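What follows is a set of notes on a single structure, which appears directly below.
Please treat every number below as a calculation from the coordinates, not as lab data. Since the model is a prediction, treat every value here as computed from it, not as a measurement. Positions of Cβ are generated from backbone atoms using ideal geometry, with glycine treated the same way; all protein chains shown enter the neighbour counts.
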Amino acid sequence: MISIDEQRGVVLLSTNSSSYAFALLEHSYPSHLHWGDRIGSVRGPTVHQSGRRPFSVQAPVHGTYLSLGSLPSEYGWSGSGDFRIPSWEAVDEQGFPIIEPWHERHSIHPGKPALDGMPSSYTKAGDNSETLKVVLRDKPSGLAIHLRYTVFPTYDVITRSTVFCNDGENSINLTRAGSLCVDLDGSDFEVLSLHGAWGREAQLSRHALAPGVYSFGSRTGTTSHFANPFVALAPPSATEHTGAVRAALLMYSGNFRADVERTFDDDVRLVLGINPDSFSWMLGPGERFTTPEVLLVYSAAGLNGMSQIYHRFIRERVMPRRFQDAPRPIVANNWEATYFDFTHDSLLPLLDAAAQVGVELFVLDDGWFGDRESDGKSLGDWTVNRRKLPRGLEGLAADVAEHGLELGLWFEPEMVSPDSDLHRAHPDWCLHIPGREKPLGRNQLVLDLSRPEICREIIDRVSSVLESAPISYVKWDMNRYLSYPVSPSLPAERRKELSHRYVLGLYQIWDALTTRFPKVLFAGCSGGGGRFDAGVLSYFPQIWASDNSDAVDRLRIQYGLSLVYPVCAIEAHVTSIPNHQVGRFTPFSTRGNVALSANFGFELDLTALDDEDRRIAEKLVATAKKYRRLIHGGRFVRLESPFDAGSNRVAWMFVDEKARLALLFAFQLLSSANREGRAVPLVGLEPETLYRVSWLDSGDLRLMGFTAPPQSDPFTEGPVRCIGAELMGRGVELPRVLGDFVSFRFLIEAE
Ligand code: GLA
């Protein structure tokens with residue numbers, strides 16, 4: 001709920017367990033007061049500084065003066081004496097900075113407005129959500145800044161975004177337009193964020209703040225493999241289960257930047273939004289610019305507490321409604337099984353094997369179109385390759401259906417190969433600098449999505465394929481960055497708008513296609529997890545997390561992603577050994593347990609499995625089907641982290657709402673002689689309830705034909721019975737098994 005003490009100018013936004021407050025100082029300037037535990041009201045002083053600070057600059061406000069340089073701000077800018085990192089900047093037609101955004105009005109509205117052309121979270125009846133609009137205005141230029149805050153009380157989430165409106169008569173150039181600015185007292189925080197590269201996405205980074213600004217983000221035109229648009233601040237003592245965590249997630253799929261500044265006063269400013277490095281936006285009279293939405297979470301229950309808030313919110317208020325409760329299909333993808341080398345006939349044995357182990361959907365990956373025999377050509381020519389598929393997609397779909405499967409199809413619609421009919425017909429449709437070479441990435445160029453006619457063409461081409469055959473799943477890939485984001489169609493003064501216009505074009509395409517094909521499950525991909533963000537998830541409910549499918553590396557990638565994203569958003573497949581990306585050998589059951597912990601599927605030649613592995617595959621599919629509601633909709637609890645120093649074990653569990661049913665996964669990395677294993681203490685059970693713990697994958701521990709019997713096995717007599725307090729205290733004792741990379745799957749049921 002939102003309340004305003006009009007007399008003191010204090011605004012208080014509260015969810016069920018958190019509050020966020022700011023003051024409208026001198027009824028003119030929004031100054032941050034509180035983001036933390038829920039409070040009933042703000043009683044204390046609303047001005048943090050006493051008197052004027054030495055060497056400060058005073059901004060004239062409604063006949064008085066404010067020293068903005070050290071005031072906690074809700075939306076700081078430069079030019080008026082605040083020298084911290086700004087969250088927005090704009091200049092008027094003569095190039096003079098716009099510097100007087102004083103409070104004009106505010107209002108509270110039920111529900112939440114959608115964002116113009118951008119993905120945003122939504123409310124449902126019964127949410128009791130409210131939106132606060134605060135309008136700031138720079139009178140001389142006519143620039144109005146609408147700060148929007150929406151409170152989702154039962155989700156413990158507050159969202160923010162900003163709309164810039166040019167109500168003046170001349171153009172305004174917006175050179176920075178952040179979505180979030182918040183100033184926190186003190187600097188005893190560590191910054192948590194996710195970083196990586198292709199094949200090793202979402203690696204958790206956690207470190208103290210030094211004086212100055214710590215920045216990270218993306219300049220690739222996408223969210224990128226390098227960083228995720230998420231940042232959290234937590235005291236050094238915060239653990240997975242304790243401590244106050246403040247976090248922000250940007251719902252955006254393009255260039256972004258997070259700035260965390262430890263100020264001269266040893267306070268912290270956090271700014272998050274579109275990356276200003278490669279951005280500006282010309283606002284003509286009467287025009288508006290909307291920033292992406294940011295999702296704010298405060299949790300007093302450590303990192304797991306924060307993650308569980310994000311998981312539930314993204315699942316229920318970000319992802320497309322129609323996929324919220326629908327069970328996600330178990331897929332077999334042919335990419336690592338065949339790469340480009342397949343025909344209709346050679347796919348048939350794969351379909352047989354997929355059907356035999358219980359798969360539900362077959363995904364035909366890259367290579368089904370144009371003249372595509374390698375990654376060197378044909379992107380853009382979305383017509384079926386008759387040499388490979390003589391009976392077309394319709395013929396393939398018929399055989400897929402004969403096997404009791406549905407058909408999924410790979411596309412990469414944002415791209416064009418120089419060697420393609422599309423590029424020959426429209427050489428100017430790609431991003432390029434006229435008169436210069438067009439540098440390639442994976443032999444391809446990026447289509448100019450800032451141009452509406454190109455977006456329309458993409459929608460038409462993809463639609464006609466989807467209309468040509470019963471296709472129920474689309475893997476939407478994107479395999480290069482926008483290295484020189486230039487559209488010759490934009491005038492010189494608008495060059496820096498391209499990256500954002502690209503993302504807006506993309507959102508339009510996704511909106512049109514997901515509306516036209518509501519039953520098709522679209523899955524995101526960008527060379528694995530190069531575009532894994534909440535913007536994508538508002539159209540596509542799941543994303544291929546990494547091209548690295550090695551079980552051990554995936555532990556880190558999936559653990560990292562789970563900081564923010566629900567596991568139903570993460571696609572994970574069982575692939576063959578030696579692993580194609582890192583060459584590692586891991587047991588089939590371990591590859592299975594890693595994939596089971598997300599959106600399960602296969603991506604290997606299922607016809608090559610021996611009887612033992614086929615038995616394990618069938619068991620994995622049966623487990624995925626039986627427990628997908630728990631895995632995708634239950635509470636995901638991280639227990640032991642691969643990012644802890646010296647980590648040799650990873651564990652996590654899924655618990656249902658009433659703590660009656662849980663699945664525990666534990667992964668033992670390197671084997672060690674003569675060492676007693678520690679039990680894995682669980683979290684989130686009922687202390688007094690009696691639980692039965694069953695080892696579900698005993699007997700699946702074979703590594704390359706070798707199975708050693710467990711050296712000790714607490715489960716030899718069958719399931720073990722313990723009360724919740726014991727399982728959460730001492731924990732579940734793991735069998736002692738020889739071999740590296742072994743894993744365990746346990747079912748925990750209340751008696
Ligand atoms: C990307 C994807 C892979 C696969 C290939 C096909 O690398 O991440 O999963 O689809 O493209 O070219």
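Things worth noting here:
- Taking the fewest neighbouring Cβ atoms within 10 Å as the starting point, the ordered list for SER641, SER647 is SER647, SER641.
- Sorted fewest first by neighbouring Cβ atoms within 10 angstrom, LEU498, LEU747, LEU738 come out as LEU738, LEU747, LEU498.
- Computed 3J(HN,Hα) for the range 527-537, one whole-Hz value per residue from the Karplus formula 6.51 cos²θ - 1.76 cosθ + 1.60 where θ = phi - 60°, is x, x, x, x, 8, 10, 7, 6, x, 4, 5, glycine and proline marked x.
- Cα-based equivalent ellipsoid of the range 77-157: semi-axis lengths in Å, sorted from largest, via gyration tensor: 31, 13, 12
- Net +/- balance of residues flanking LYS133 in space, Cβ distance below 9 Å, scoring K and R +1, D and E -1: +2
- Debye intensity ratio in log₁₀ form over the Cα atoms of the chain, taken at each q of 0.05 Å⁻¹: -0.26
- Set of lysines near LYS139 by C-alpha distance (under 18 Å), chain-local residues within fewer than 8 positions excluded: none
- Tail weight of P(r) past 17 Å, computed on alpha-carbon pairs of the range 256-325, percent: 67 percent
- In terms of the mean number of neighbouring beta-carbon atoms within 10 Å, the peptides 254-260, 528-534 order highest first as 528-534, 254-260.
- Normalised alpha carbon radius of gyration of the range 1-44 [divisor 2.2 N^0.38 Å]: 1.06
- Alpha-carbon gyration tensor eigenvalues x 5, square-rooted, for the range 229-279, Å: 24, 16, 6
- Kirkwood Rh, Cα atoms: Rg over Rh of the range 587-660: 1.03
- Around THR607: net Lys/Arg minus Asp/Glu count, Cβ-Cβ under 12 Å: -3
- Hydrodynamic radius by Kirkwood, which averages 1/r over all alpha carbon pairs of the range 306-448, in angstrom: 17.5 Å
- Label point distance in nm, ALA608-ALA725, each placed 7 Å from Cα along Cα→Cβ: 5.3 nm
- Put in line by how crowded their Cβ is, counting other Cβ atoms within 10 Å and starting with the fewest, CYS722, CYS568, CYS181 read CYS722, CYS568, CYS181.
- Under the shape rule built on the C-alpha gyration tensor, where the axes satisfy a ≥ b ≥ c, the range 1-156 is oblate, since a/c reaches at least 1.5 while a/b does not exceed b/c.
- Percentage relative contact order, the chain, counting C-alpha pairs under 8 Å, at least six apart: 10 percent
- Taking a straight Cα-Cα cut-off under 21 Å and skipping sequence neighbours fewer than 8 places away in the same chain, the lysines within cross-link reach of LYS626 are LYS658.
- Computed on the Cα atoms alone, the convex hull of the range 431-555 gives a volume of 136 cubic angstrom per residue.
- Long-range HN-HN contacts of LEU521 with modeled amide H, under 5 Å: TYR473, VAL474
- Annotation: Cα Rg of the range 345-421 relative to the compact-globule expectation 2.2 N^0.38 Å equals 1.17.
- Axis angle, to the nearest 10 degrees, between helix 392-402 and the longest C-alpha principal axis of the chain: 60 degrees.
- Which listed pairs, of LYS112/LYS625; LYS377/LYS519; LYS388/LYS475; LYS112/LYS475; LYS133/LYS519; LYS388/LYS438, have C-alpha distances above 29 Å, in listed order: LYS112/LYS625; LYS377/LYS519; LYS112/LYS475; LYS133/LYS519; LYS388/LYS438
- Over the range 308-386, the Kirkwood radius and the radius of gyration, each from Cα atoms, give a ratio Rg/Rh of 1.12.
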